[in-house]
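**Student:** I have a structure here, written as structure tokens, and I will follow up with some questions on it.
The values are calculated or read from the model by the stated rules, or taken from the named source; none is laboratory data. Keep in mind the model is a prediction, meaning the values are calculated, not measured. Please note: Cβ atoms are built from the backbone with ideal geometry, for glycine as well, and neighbour counts cover all protein chains shown. Surface areas here come from the heavy atoms of the whole protein model, side chains and all, with no ligands, DNA or RNA. Shrake-Rupley method; radii C 1.70, N 1.55, O 1.52, S 1.80 Å.
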Amino acid sequence: MKGRQPAAELNGQVGEGSRGMNEGGQVRAGRMRDRVVLGRRWMPTEPAEDETERLREELLETRKRLRDFKALINRSPAAVFLWRVTAGRPVEFVCGNVTQFGYTRKEFLDGDVSWTAIIHPDDIACLEREKEECAARGIDKFTREYRIFTRSGEIRWIEDRTVAIRDERGITTHYQGVLLDVTDRKRLEEMRCNTREELERRVAERTAELARVNEELQLDIAMRREAEESRRQLEQMLQQAQKMEAIGTLAGGIAHDFNNILGGIMGFTELALLDIPEGSPACLNLKQSLKAQHRAIEMVNQILAFGRQTEGDPIPVKVSTIVKEAVKLLRMSIPAMIDIVLKNDAASDMVIVDPTRIHQILMNLCTNAAHAMRERGGRLTVSLFNVSIDLEAALAYPEILPGLYIELAVEDTGHGIDPQIQDRIFDPFFTTKKPGEGTGMGLAVVYGIVKDFKGAIDLDSQPGKGTRFRVLIPAIESREEECTTTGSIPRGRERILFVDDEKCLVRIAEQLLTRLGYKIVASMSSIEALEAFRSRPESFDLVITDLNMPDMTGIDLSRELLHIRADIPIILCTGFSEQIIEEKARKLGIREFIFKPFIMSTMAQVIRDVLECRE
């Protein structure tokens, strides 16, 4: 009969006091009430068969849950370990996804590989020390980060969340660890740290000079009020620098459009003068109009020079020309009760400097002079002299060498400077002006520029009698250009491609160059001009193109034209000078520049120079 066994085989298992299995599969004591003994054989009743079936189902379910749990662990990015607290930390359990480190479960379980053996040697001592400290303090849960070696030798960062398992006596017998690979997070943290260090380095470099100045300033600061005043002055200086940068940006932006407008007015005026009899009232009126237009050009150039923030390369310039432009600007901003006198006693005033920095010197010195005379008025005198510094005179200026210099002097009839502070006037942030009237950086900037020029600056001042600043700039020999002008405008017969997106400038160029004998092909589109040149590249002797045009800039158009025909001479037209653009154009192969607005004689001469240079 199903389920029956010999009674002899069940000896000691039947009857009162026998042990069975509970629902968890454990042995339990109890009376076997559901068994019936018949002679030498016994037969379980139906409830016993139901109990066996239920236990079998529970066992299958438990095994299924165990498989699901193991699959879940193996799919997890974390690896689970169970170590016994004995020598070598033998592994009693490890999940299957330990293969992410290149090792197998069997290697750890068989002791072929121990966990401590793959830990980075620089981290082992720290880990053991932390473990001992936690054990001494009774801490059973702790998290650590350390490095391990994978099978391939790669170093990976591990986050180890360990739990100590104690027996009934409270002794730690095992450690259970959940290990997570955090290498990517560590790399991101390192990148973020490096980025922060790089930013800090850049900030440190940019503020190094300010830090040094501030360090020197701290020696003289005894009160909180003085320190706060210094901070406020620095903010004002920054605001002033931002204003000047905005002026430079605005000036550069409007120069192109404004010069195009002036170019149209000047071009049509010059064309009209060609058709009007010399000496007629209309001719005289147009010439006066032309003079006013030239003054407008000078004004645009002055605004550009005043607002330009970037330093240009040193070039040979006449100081008197720069001084005249600066004085024109000053007359507009200085009160009418202050007279400005310009004296030029220099026979030769050629120097090699960045012209905009001469502007800075003059504007700072003259602004300070005007401020000293703002209440009662007075006279502001700007003078130029030639000075020869011999060896004996050079002893008074240790920073310069004997030689020829241009002396630029700015003198006022104001209240003068107290002798007790004259030694400090070139110090950064030092000022005698009221709050809101100055930053204390004007003369410091002047001093720095003069030093860059390899020159010198000094002052002569008496309270109540005024102040005179004297700037010495190394001079160069002035070479007079031979006059080759005959009074006539050079002409030619070559074929020219002229490109500009301004319709009035195209019309002017067509009429002007046609009158000078040239054959003109004009275009308002750089794309159309490129196609015209591509179709007949050998039919053109010269290309004149604007710099700023839609679709394709003058630089890009020139590059394409030179790619088609490498020997084609190109003249680039622009409304304002940018050193970076000029350098790029020269390297590309552009022969010459014409600055807008066009002057007929200048444009004609540049065209002849470029064409004859090619020949």
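**Student:** Is it true that GLY138 is at pLDDT 90 or above, exposed (fewer than 13 other Cβ atoms within 10 Å of the Cβ) and assigned to a loop (DSSP other than H, G, I, E, B)?
**Tutor:** So GLY138 fails the test.
**Student:** Return a yes/no flag: does segment 450-462 have any residue that is at pLDDT 90 or above and under 40 Å from the mean Cα position of the chain (by Cα).
**Tutor:** Within segment 450-462, none of the residues are at pLDDT 90 or above and under 40 Å from the mean Cα position of the chain (by Cα).
Listed here are the residues, each with its yes/no results for (1) of a type outside the set (Gly, Ala, Ser); (2) over 16 Å from GLU502 (Cα atoms).
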{"position": "GLY517", "(1), (2)": "no, yes"}
{"position": "PHE533", "(1), (2)": "yes, yes"}
{"position": "SER539", "(1), (2)": "no, yes"}
{"position": "ARG559", "(1), (2)": "yes, yes"}
{"position": "LEU562", "(1), (2)": "yes, yes"}
{"position": "ILE570", "(1), (2)": "yes, yes"}
{"position": "CYS573", "(1), (2)": "yes, no"}
{"position": "PRO597", "(1), (2)": "yes, no"}
{"position": "ARG608", "(1), (2)": "yes, yes"}
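**Student:** Take the conditions under 13 Å from GLY177 (Cβ atoms), part of a helix (DSSP H, G or I) and not aromatic (Phe, Trp, Tyr) and apply them to LYS131. Does it pass?
**Tutor:** Taking the combined requirement at face value, the residue satisfies it.
**Student:** Next question, about the same structure. In the set GLY170, GLY177, which member is under 30 Å from ALA135 (Cβ atoms), at pLDDT below 85 and assigned by the TED database to the domain that holds CYS134?
**Tutor:** The conditions single out GLY170.
**Student:** Let me ask something else about it. Condition first: assigned to a helix (DSSP H, G or I), in contact with a helix residue (DSSP H, G or I) (Cβ under 9 Å, 6 or more places away or on another chain) and open to solvent by 60 Å² or more (accessible area, probe 1.4 Å). Now tell me which residues in segment 444-463 satisfy that.
**Tutor:** Residue satisfying the conditions is ASP452 alone.
**Student:** Could I ask something else about it? Return the pairs, sorted by first residue and then second, in which the second residue is part of a helix (DSSP H, G or I), the first residue lies in segment 535-559 and is closer than 18 Å to ASN260 by Cα, the beta carbons are less than 6 Å apart, and the residues are 6+ apart or on different chains.
**Tutor:** THR545/GLY554; THR545/LEU557; ASP546/GLY554; LEU547/GLY554; ASN548/HIS256; MET549/SER526
**Student:** For a quick check of your reading of the model, give me the residue pairs whose first member lies in segment 385-413 and is free of Cβ contacts under 8 Å to residues at least 60 places away in the same chain, whose second is open to solvent by 80 Å² or more (accessible area, probe 1.4 Å) and in a strand (DSSP E or B), with beta-carbon atoms closer than 9 Å and at least 6 apart or on different chains.
**Tutor:** Once the first residue is free of Cβ contacts under 8 Å to residues at least 60 places away in the same chain and sits in segment 385-413, its partners that are open to solvent by 80 Å² or more (accessible area, probe 1.4 Å) and in a strand (DSSP E or B) give PHE385/LYS343; SER388/LEU404; PRO402/SER388; GLU411/ARG379; GLU411/ASP460; ASP412/ARG379; THR413/ARG379.
**Student:** Could you tell me whether segment 304-319 includes any residue that is among the small types (Gly, Ala, Ser), at pLDDT 70 or above and not in a helix (DSSP H, G or I)?
**Tutor:** No, segment 304-319 contains no residue that is among the small types (Gly, Ala, Ser), at pLDDT 70 or above and not in a helix (DSSP H, G or I).
**Student:** Just checking, does segment 510-531 include any residue being over 30 Å from VAL353 (Cβ atoms), at pLDDT below 90 and loosely packed, with under 13 Cβ neighbours inside 10 Å?
**Tutor:** Checking segment 510-531: not a single residue is over 30 Å from VAL353 (Cβ atoms), at pLDDT below 90 and loosely packed, with under 13 Cβ neighbours inside 10 Å.
**Student:** Name the residues in segment 123-160 that are under 11 Å from TYR175 (Cβ atoms) and in contact with a Gly (Cβ under 8 Å, 6 or more places away or on another chain), would you?
**Tutor:** Residue satisfying the conditions is ASP160 alone.
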